[in-house]
Each structure stands twice: as structure tokens, then as C-alpha cells.
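Just below is one structure, and these are the notes that go with it.
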Amino acid sequence: AQERYASIRDKPAETLCGKTISLMMNAGLMADLPSLQGSGAQGVGLFRTELQFLVRNKMPKRSELSALYARVLDAAQGQRVVFRTLDIGSDKVLPYMKPNDEPNPALGWRAIRVGLDKPGVMRMQLQALLRAANGRPLSVMFPFVAQFEEFRAARAEMDKAIAREEKLGHVLPERLEIGAMLETPSLAYAPDQFFDEVEFLSIGGNDLKQFFFAADRENERVRRRYDTLNVSFLTFLEQIVARCKNTNTQLSFCGEDAGRPVEALCLAAIGLHSLSMRPASIGPVKHLLRRSDLNAVKAAINEARERGDQSVRGAVMDYLRSA
Ligand code: PEP
Ligand code: MG
């Protein structure tokens, strides 16, 4: 199998019906970077910056962060890297930060909520990113945005960081894209103006699914209870795809499900044409995409829906067996 994947490494993830799906990789540690060339990924769709904070015993300095982000951009050799600002709280607690005693950490003070309430660290991080880019294009996204106002406030922090850098005479990125993760159902129903203002959206399927089904992603008893290929969830994702299409908003998907071949196939079939996953998944996902017809998968999904199936998995597996 490894050889089979190596032979398609430099080929596009083009389906039998002629759609090319963009496959990117998720990363977070320097050790992940060599995979960028080895896996055939077209860039880093999600760089989880909190991992660098989690592996240390004290807060990193701005200069350290900036050197690190610069190395990530160097390794990417011009391919797109989407840096996600610090996503801490909930399951990710920094050893040097006072732990929060919260009844429901997953629903608590985490990610952008921390970033906006205590902006010191986020400001340092945004400045480090701008410096690391040193004139190169830069993509930044904010995690766990639940409403338009949070995105606006975070974006305002970026504007301030830019103004500061400019005043100091530092070179600014030649292109700057600011996006948000769509991880709470509320954001899917944000006003059109949000979709107009945000430059790109990335669905964080792990969190989105946990909140859609009210099923803790960390709890073994419930975490597999609801299938990602559940008809209700796919219908919800289709609505997000439609809103992004109508507002011309770039959309991708970066939860773990993007790296599971059958799930990735269904995501592509409902219109998610940019997927980001762990590097080892790129080969298997590409292999399946290259031998599938998305129209037929879409037809199988619709049949399952019309029949009232709970999940489309059976119908899609039937298609794969017959194809
Ligand atoms: C997600 O929620 O799907 C995601 C990509 O972010 P994380 O797994 O880091 O919460
Ligand atoms: Mg998440």
C-alpha cells in the first residue's frame, strides 16, 4: 500500500468526474514539517500553534515564536500555511497557566474567548506571525469563533498589530488572509455580513460534531455514538457549503474526519473541495478520491436521505463495492 501511495504522491487528487480536491496537512510541531514534501500535501491547512506552547514549561518569547514561524514558512517553500492562533482551554491546558475550575471546560473559557479577554498573548502571537512572514504571504485563522462580533474583535487586534509593525518600519506581508474556524453551529447562522468579511472558513469538524450532537469528543462512551456520515450532520454541512458558495467564501474542512477516506469522499461529494488532514492520511484519501465519481457518491447520499437512513455510510459503501 505504501508504494501505491508513493506512486500517486505528486499526482493531483482528481476524481473520475474531473473534480480536483485540494489536500493539505495538519501540523503543529517542527517534527511535522518534513512530511510536507513527503506526503504530497499542497500546504498546511491547519497549523495548531498551541502545541508549541504546550510542550514548554514557560511562556515562549515573541522572538522565539517568530523564529519558529519563520522556519515553518521556510519549510513550506511558498505553499500556503494557515496558522491558527492559540487554541487553549478545554482539553489543552498550559502548564504555566492557572488551571480554570470550570464545570464544563469544552463549553468554557477557551480559544478566542481567552484571546479576546486577555489579549496580551494573542497580540504577541500576531506580531510574531507578521514578523515571521517578513513580506511573504500570511494566512491566520481564529479558533472557536461563535459569533460575528468575536471575529471582528480579533480582526481589529490584527489591524492594530499591523499598524504597530508599520510604525516600527517592519515589512508587512505582501498578502494577508484572515479567516475563522467554524466549530460551533451558531457561526453557520451568522449574518451574511460575516461571510462577506471573513476571507476564508475552515470547518473544525471535531468540535463542530461534538456540539452538533451534544456528545463530548473526549468521552469514550459517547464519542462514536453519532456517525459523521449521519444524514442530519451532512445536511448541516451542506447548508454551510451553500452559504459559502452564495457569499463566495473560501471553505475547507480540517477535522480528523477529513483524513478518513470514506468520510473524505462524502465531504468532497457534498462540495467540500479543500481538506486538511494528518500527513499519513493524504495517500489513502487521494487513492480513494482518484477512483471515485463524486456524482455517484452524491446520488448514494441522496438515496440514503430519501430512504430515511440514519447514516449514508451503508449506501456509500454499496457504491464503493459496486464501482
Ligand atoms: C477541530 O475541532 O476539528 C479542529 C481541527 O481543532 P482541534 O481538533 O484542534 O480542536
Ligand atoms: Mg477545534
Fill in: Qualifying trypsin sites (Lys or Arg not before Pro) for region 205-269 [loop in DSSP, other Cβ within 10 Å: at most 16]
R221, R223, R224, R225
Worksheet item: Where the centre of each part is set by its Cα atoms, how far does region 25-98 sit from region 101-135, in angstrom?
Response: 14
Fill in: Length gained when the stretch E303-E199 is fully extended (0.36 nm per residue, less Cα-Cα span)
34.0 nm
Worksheet item: Quick one: putting +1 on the C-beta of Lys and Arg, -1 on the C-beta of Asp and Glu, what dipole do you get for the chain around its Cα centre, in Debye to the nearest 20?
Response: 700
Response to the item:
Rounded to one decimal in nm, the spacing of the 7 Å Cα→Cβ label points at N248 and H273 is 1.5
Response to the item:
Row for the chain, column shape: gyration tensor on C-alpha, a ≥ b ≥ c, rounded if a/c < 1.5 i.e. under 1.5, prolate if a/b over b/c, else oblate; value prolate
Fill in: Dipole-positive endmost among V55, N100, G314 within the chain (Cβ charges, Cα centre)
V55
Practice prompt. Would you mind checking the radius of gyration and Dmax of region 20-60 based on alpha-carbon positions, in Å?
Written response: 12.3, 43
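What FRET efficiency do you get for R291 and A215 if R0 is 35 Å and r is their Cβ-Cβ distance, rounded to the nearest 0.05? Kindly include the intermediate steps, with their values, before the conclusion.
On the way: r = 32 Å, r/R0 = 0.93.
The value I calculate is 0.60.
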Fill in: the chain, helix-only ellipticity at 222 nm - DSSP H runs n ≥ 4, -39,500 (n - 2.57), divided by all residues, nearest 500
-13500 deg cm²/dmol
Worksheet item: Extent of region 110-206 along each principal axis, from alpha carbon coordinates, in Å, largest to smallest?
Response: 41, 26, 24
Item to complete: Divide the volume of the convex hull of the Cα atoms of region 161-246 by its number of residues and quote the answer in cubic angstrom per residue.
Response: 132
Item to complete: Can you grab the distance from the C-alpha centre of region 159-231 to the C-alpha centre of region 291-314, Å, no decimals?
Response: 27
Worksheet item: Taking 0.36 nm per residue of separation and subtracting the Cα-Cα distance, what length does fully extending K92 through R152 add?
Response: 19.1 nm
Discussion item. If you filter region 280-322 for trypsin sites (Lys or Arg not before Pro), then keep DSSP loop positions with at most 16 other Cβ within 10 Å, what is left?
Written reply: R291
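State which helices in the chain qualify, where a helix is a whole DSSP H run, it must extend 15 Å or more along its own axis by its Cα atoms, and its mean Kyte-Doolittle hydropathy must be at least 0.5.
Helices meeting the criterion: 231-246.
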Worksheet item: With springs only between Cα atoms under 10 Å, which of R131, R84, R152 fluctuates most in a Gaussian network model of the chain?
Response: R152
Item to complete: Identify all lysines with a Cα-Cα distance to K61 below 19 Å; exclude those on the same chain that are fewer than 8 residues away in sequence.
Response: K98, K118
Worksheet entry | Sequence-distant residues sharing a close amide H with L251 (under 5 Å, placed H) | L201
Practice prompt. Output the antiparallel fraction of DSSP beta bridges having both residues in the chain, as a percent to the nearest 5.
Written response: 10
Worksheet item: Mean separation of Cα pairs under 8 Å and 6+ residues apart, divided by the residue count of the chain: what relative contact order is that in percent?
Response: 20
Worksheet, complete the sentence: Kirkwood Rh over alpha-carbon pairs of region 229-287 plugged into Stokes-Einstein at 4 °C, 1.567 mPa s gives a D in µm²/s of 111
Worksheet entry | Footprinting exposure proxy for S232, S63, S202 (fewest neighbouring C-beta atoms within 10 Å first) | S63, S232, S202
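Bear in mind that the values in this text are calculations on the coordinates, not laboratory data. For clarity, every value in this text was computed on a predicted model and none was experimentally measured. Cβ atoms come from the backbone with ideal geometry, glycine included; neighbour counts cover every protein chain shown.
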